[in-house]
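Rule-based calculations on the coordinates, nothing more; no lab input. Keep in mind that this is a model prediction, so the values were computed, not measured. Here the Cβ positions follow ideal geometry from the backbone for every residue, glycine too, while neighbour counts run over all protein chains shown.
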Amino acid sequence: MAFVLTRIHVNDYDVWKPMFDTDPPGARKAAMGHRIFRSVDDPNEIVVQVEFPSSEEANAARERLLASGVLERVTLKAGPTVAEEAEAVDYR
């Protein structure tokens, strides 16, 4: 399992979210799911985590995302980065 992690700042989350949902670059076509995190201090600062079955598919998605130009519409803070889980701990 691999993930594409991207941290961005958008002008308006409510405008950005429907565009994200349409996935114009096709970056999530092989994805298994995604999570969106919003900053408590600034709800327009977002971290997107997209899960893929392999690092190869995650890298291909990253390349499609970069080539599409959609990240030029937002302020890129970090990423997109392909990562694999090193550890998961559940404290419940």
Which residue out of V48, V40, V74, V4 is on the phi < 0 side of the Ramachandran plot, of a type in the set (V, I, T) and more than 13 Å from the chain's Cα centre (by Cα)?
-> V40
Can you give me the number of residues within segment 17-33 that are surrounded by 15 or more Cβ atoms within 10 Å (Cβ to Cβ) and either in contact with a Cys (Cβ under 6 Å, 6 or more places away or on another chain) or not in a helix (DSSP H, G or I) (or both)?
-> 6
Contact list, first residue from segment 24-48 and under 14 Å from I8 (Cα atoms) and without any contact (Cβ under 8 Å) to a residue 40 or more places away in the chain, second anywhere and acidic (D, E) and loosely packed, with under 12 Cβ neighbours inside 10 Å, beta-carbon distance below 8 Å, six or more apart or interchain, is N44/D12
Of the conditions (1) assigned to a loop (DSSP other than H, G, I, E, B); (2) surrounded by 11 or more Cβ atoms within 10 Å (Cβ to Cβ), the single one that A86 does not satisfy is (2)
Might you check whether a residue that is under 26 Å from E85 (Cα atoms) and in contact with a Ser or Thr (Cβ under 7 Å, 6 or more places away or on another chain) occurs anywhere in segment 17-37?
-> yes
Among the residues of segment 34-53, which ones are among the acidic types (D, E), surrounded by fewer than 16 Cβ atoms within 10 Å (Cβ to Cβ) and in a strand (DSSP E or B)?
-> none
Those residues of segment 58-92 which are free of Cβ contacts under 8 Å to residues at least 24 places away in the same chain, among the acidic types (D, E) and either more than 19 Å from P18 (Cα to Cα) or touching a Phe, Trp or Tyr at 6+ places or on another chain (Cβ under 6 Å) (or both) amount to E63, E87, D90
Is one or more of the residues making up segment 13-25 touching a helix residue (DSSP H, G or I) at 6+ places or on another chain (Cβ under 7 Å) and at negative phi?
-> yes
